[in-house]
Each structure stands twice: as structure tokens, then as C-alpha cells.
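Enquirer: There's a structure below that I have some questions on.
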Amino acid sequence: MPNENITIDVSSLNRISRDLSQFQEEIPGAVASSLNRTLDFMNTRIGKLVTAEYEIKVSDVKKTITKIRARKGDMKAGLKSTGNTLSFAHFKFTPKVPGTRKAVKVKIKKKDGFKEVRTQRKPFIMSTGAQSADKIQFNVFKRIGDGRNRTNLAVLRTLSVPQMIQSVNVGNEIEKAATKKLEERVQHEIEYRLNKLRSRWYNDG
């Protein structure tokens, strides 16, 4: 089952309030910085985790993600992925061009290899009419409709990026990596701010 929401353990943030209890003015900045540095890390990490599991480009993952950064007056923070289901053109498929009777196969998950695409009407490869190389040149289609309308075409689609992120394998790895990174950033912020304060005292003395 996919995770509807991916959450991380933020209990390590309690260390900031405890270790900086005598320096209340430092706490909001330390918390916000810890959260935001963790978000920056996870923004990159999510792309790697998804592409390790699915046959998709990192750029296709990253463009779905919106980052909500924490501020001293508002500690709400997170990453949100939104997007529609992807056509097979975002994955590896065979044959690569029209004009062959071979069965259409697509590779969604890396560990599963290529699998034949099965629909009520046989799928096929067709040009999308894209005019430049940076756009999708070919895609997988099927015929839809009945009678006179059976020549209508539909692009075949599969998972969305949010669904990939929420899958069990990816979601669990995201939670573990994010929790570990937050703990590291909390430790760094505490040490950084205490050292800064000690240096200020030494210079003032």
C-alpha cells in the first residue's frame, strides 16, 4: 500500500530547545535552518530515490515538487509533489518508432524489466507531431470509440510522480533519510550557534 503522507520524525528538534534553553533568541533560527537544510537535501534525494526504483528522469521528478520553507515566524515546512499520470513516453519502451508489428513493451520499474502493454485494442507507436527534438517525438497510443469513432486515439498513461514517491519502497527510504539528515542538521546548528556565542564572549572579554 502507498503512503498517503510521508512524514519524518522531528523529535530531534527538541534538542535545540534544550541545549539552547539559555539563548532563546537563537532557537527560532536554529529550528528554521535545520528544517530548510533538510528540505534542500531531500529535494535532491527524492529524485535519486525515485529514479533508482522507476525508469524515469530526475528532471521529471523535480519539476513536480514545490518546497515550503520554514521561517522564524512560521515553522511550517515540507515538500509537495503534484502531477498527472505520465504517458509511456516518459519511460523506456519498444519499439522506439512506428512501422513494426512487434508487441509494445514498456519498462516502468527498473527491477521488473520490459513488460508487454496489454489493452483491449492493440497499442501501437505513433508520432506525436512534435516539431523539435526537445519534445516527445513518439508515444504509445490505443484506439478508442466504436463505429465511426473507432479511429479516435488516446495516449496510454501509467503512474504519476506523486504515486511513485508515495510507493512503499520509495516512501520508507525518504522517511529514513530525512530523519537522519534532520538529526545531523540539528547537531550542526547547536554546535554552530554555541561556538558563535563563545567566540563573541571571548572577543568581548
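Coordinate-derived values only; no laboratory data. Note that this is a predicted model, so its numbers are computed, not measured. Positions of Cβ are generated from backbone atoms using ideal geometry, with glycine treated the same way; all protein chains shown enter the neighbour counts.
Enquirer: Quick check: is even one residue across region 48-67 farther than 25 Å from Q166 by Cα and either surrounded by 13 or more Cβ atoms within 10 Å (Cβ to Cβ) or not charged (D, E, K, R) (or both)? Steps first, answer last, please.
Expert: Within region 48-67, the subset farther than 25 Å from Q166 by Cα is none.
No, region 48-67 has no match at all.
Enquirer: State yes or no: is P162 surrounded by 15 or more Cβ atoms within 10 Å (Cβ to Cβ), touching a Gly at 6+ places or on another chain (Cβ under 9 Å) and not β-branched (V, I, T)? Spell out how you get there, then give the answer.
Expert: Values: surrounded by 15 or more Cβ atoms within 10 Å (Cβ to Cβ): yes; touching a Gly at 6+ places or on another chain (Cβ under 9 Å): yes; not β-branched (V, I, T): yes.
In short, yes.
Enquirer: List the residue pairs whose Cβ atoms are under 8 Å apart, where the first residue sits in region 87-99 and is free of Cβ contacts under 8 Å to residues at least 24 places away in the same chain, the second is surrounded by 15 or more Cβ atoms within 10 Å (Cβ to Cβ) and not in a strand (DSSP E or B), and the two are 6 or more positions apart or on different chains.
Expert: Close Cβ pairs (under 8 Å, with a partner that is surrounded by 15 or more Cβ atoms within 10 Å (Cβ to Cβ) and not in a strand (DSSP E or B)) amount to T94/V104; T94/F114.
Enquirer: Mind checking which residues of region 10-38 are more than 27 Å from I174 (Cα to Cα) and crowded, with 17+ Cβ neighbours inside 10 Å?
Expert: Hits for region 10-38 are D19, L20, E26.
Enquirer: Being among the hydrophobic types (A, V, I, L, M, F, W, C), touching a strand residue (DSSP E or B) at 6+ places or on another chain (Cβ under 7 Å) and without any contact (Cβ under 8 Å) to a residue 24 or more places away in the chain is the requirement here; does I165 meet it? I'd like the intermediate steps shown before the answer.
Expert: Values: among the hydrophobic types (A, V, I, L, M, F, W, C): yes; touching a strand residue (DSSP E or B) at 6+ places or on another chain (Cβ under 7 Å): yes; without any contact (Cβ under 8 Å) to a residue 24 or more places away in the chain: no.
No: the conditions fail for I165.
Enquirer: Can I ask one more? Could you name every one of the helices (runs of 4 or more DSSP H) located completely within region 1-79 that has at least 1 residues being farther than 30 Å from I108 by Cβ?
Expert: Values: elements: 14-19, 27-53, 58-62.
Answer list for region 1-79: 14-19, 27-53.
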